[in-house]
């Protein structure tokens, strides 16, 4: 199947990809890679969570302590160990294979997220097969892969893409048990409970309660709806819980001993319960926030999900639809009520929306008798893509390779938009879904291959520019080797990751003392702190200004002017 065939959005193109499960999985993995890779290697460490995770992993590799989690000299008792082990394995393997300066390359820490996102797409296909045909499951996985939110998480060295994979695995197994697969197929009798409980254990080790929470609420809702829960016995709860504890308890026991119980009190008491009780870290938001931002975070799936809503409502009592709603609704309502809100909190619920939308498409529910409905569908997909693309073109400097890449991709994007419009006008559900995915691909090329790595973005990228200037200072003092570094008011985690664990945090006079205490040192001094810094330097100090870095700290919304001072 050629790329030209994909842009035709015909049913035959999808059918060609789903001749067999292995072929469908291969195409989905390729599609996911194409959607997730633009910008994966070139994006700098994105403050603040990503470099915090990466730096903590780097310190594990430096110290050899793979139990306790630390960021510089502070304990990081917020999330369990799973993601750090995965990142450490990724970086350690790359280092063993001879990748130079592997611990300094942020993309190596992102590999678990990339693989987790791809696994989530493949598992969505597997989960959807419990409800619909191979073609419908393929379209559901394509919908998930093309959404903005999973693309963001696939490019960040954090927990959420891996957690998504664990949730989809658990819910795919639970769906088959609920729909009676263990009674129809003896081969599933132990396999499905094993998949379910292993996924729950993995999710707990990566992020704690999110993975078990979603199936727990779904089971309660289904038990209330059906007025019975006999099917839960097929989960083998006694055997499953024993297996879960065997996987999870060893590290929890070790970390509780290592921190004398501090991990449990901080992770549960301060981090989790604190977010439930109030809006933490300036991330408070009112109820219905997730519904409001759904149009952005779930594009291009969001408009199609809205169009599928009447079908879902009419079929809400059917067991398949009821299960997907039990996956989606109770957890979504809970997250809307929790004061602390971040866009990625609802990501584990997106596969349910993707499957429901694909189910509506498979039943012809995206085809309408009224002429305005397909027209509206086209507008919902095309107008955002056109506006976004126009903004990207206006913000990219054409003399850079991302700008050239954008211009090359633009005609193909316009061709895809034309066919999305045609598919919507004909009420061709599969065509709209695949067309939206193609439009998303070109949009992501613009975003990640152009805007976020282009000239305009450098204004907001401070830590890499400071790191580059510190490295260039080594040419001035080649006998020094790597320079010891200090910083005053600019203290973002990305600077710690790029500079090293021993980066000194200080203030103006402290930066002067740092430079005077020995040779081969560099200090990043914010202009607001510079008068105190200069007062701390003697007139004959062997210190000189080698450059300045100006830009905007997005995390704090503040203009910065940072001088880079070298002690030879």
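If only one of 137, 194 is part of a helix (DSSP H, G or I), touching a residue at least 24 places away in the same chain (Cβ under 8 Å) and in contact with a helix residue (DSSP H, G or I) (Cβ under 6 Å, 6 or more places away or on another chain), which one is it? I'd like the intermediate steps shown before the answer.
Numbers: 194 fails: in contact with a helix residue (DSSP H, G or I) (Cβ under 6 Å, 6 or more places away or on another chain).
On inspection, the qualifying residue turns out to be 137.
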Quiz item: List, please: which pairs have Cβ atoms under 6 Å, are six or more places apart or on different chains, and start with a residue in segment 216-227 that is under 19 Å from residue 201 (Cβ atoms) and end with one that is part of a helix (DSSP H, G or I)?
Solution: 217/330; 217/331; 218/326; 218/327
Quiz item: Does residue 555 qualify as being outside any strand (DSSP E or B), in the same structural domain as residue 478 (by TED's automatic domain parsing) and out of contact with any helix residue (DSSP H, G or I) (no Cβ under 7 Å at 6 or more places or on another chain)?
Solution: yes
Quiz item: Among 93, 61, 114, which is without any contact (Cβ under 8 Å) to a residue 24 or more places away in the chain, under 28 Å from residue 250 (Cβ atoms) and either touching a strand residue (DSSP E or B) at 6+ places or on another chain (Cβ under 6 Å) or part of a helix (DSSP H, G or I) (or both)?
Solution: 93
Quiz item: Hey, any hits in segment 97-111 for a residue that's under 24 Å from residue 141 (Cβ atoms) and in contact (Cβ under 8 Å) with a residue 60 or more places away in the chain?
Solution: yes
Exercise. Among the residues of segment 35-52, count how many are crowded, with 23+ Cβ neighbours inside 10 Å and in a loop (DSSP other than H, G, I, E, B).
Key: 2
Quiz prompt | Filtered residues of segment 484-513 (kept if closer than 18 Å to residue 471 by Cα and part of a helix (DSSP H, G or I)) | solution = 494, 495, 496, 497, 498, 499
Practice problem: Determine if segment 521-539 includes at least one residue that is part of a loop (DSSP other than H, G, I, E, B), at positive phi and at pLDDT below 95. | Solution: no
Practice problem: Output the number of the condition that residue 130 fails; it satisfies all remaining conditions of (1) closer than 28 Å to residue 362 by Cα; (2) in a helix (DSSP H, G or I). | Solution: (2)
Practice problem: Scan segment 283-298 for residues that are surrounded by fewer than 23 Cβ atoms within 10 Å (Cβ to Cβ), touching a residue at least 24 places away in the same chain (Cβ under 8 Å) and not in a helix (DSSP H, G or I) and jot them down. | Solution: 283, 284, 285, 287, 288
Quiz item: Can you pull out the residues in segment 1-28 that are part of a helix (DSSP H, G or I), at pLDDT below 50 and within 14 Å of residue 433 (Cβ to Cβ)?
Solution: 6, 7
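The values are calculated or read from the model by the stated rules, or taken from the named source; none is laboratory data. The structure displayed is predicted, hence computed values, not measured ones. Heads up, the Cβs are rebuilt from the backbone with ideal geometry, glycines too, and the neighbour counts pull from every protein chain shown.
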